[in-house]
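Below you will find the structure I want to go over with you.
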Amino acid sequence: MQYKFSFSKTALKNLLKISTNKRKAILAKLAQLKLSPYKKNNNIKN
């Protein structure tokens, strides 16, 4: 089965903006807590 997702360019840009804003907010919180954003990820291996 093939799934086709049809996003308009503006919708895609908005999604990217939202995700980058969330990422920045998370990194800012981690910086406030003086935690490395990669600490947790190093322990988890897929």
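Could you count how many residues in the stretch 1-13 are assigned to a helix (DSSP H, G or I) and either exposed (fewer than 10 other Cβ atoms within 10 Å of the Cβ) or modelled with pLDDT under 85 (or both)?
4
Okay, moving on. One residue is enough: does the stretch 21-30 have a residue meeting the conditions in contact with a Pro (Cβ under 9 Å, 6 or more places away or on another chain), modelled with pLDDT under 80 and surrounded by 10 or more Cβ atoms within 10 Å (Cβ to Cβ)?
yes
The values are calculated or read from the model by the stated rules, or taken from the named source; none is laboratory data. Please read all numbers here as calculations on a predicted model, not as lab measurements. So basically every Cβ, Gly included, is an ideal-geometry build from the backbone, and we count neighbours across all protein chains shown.
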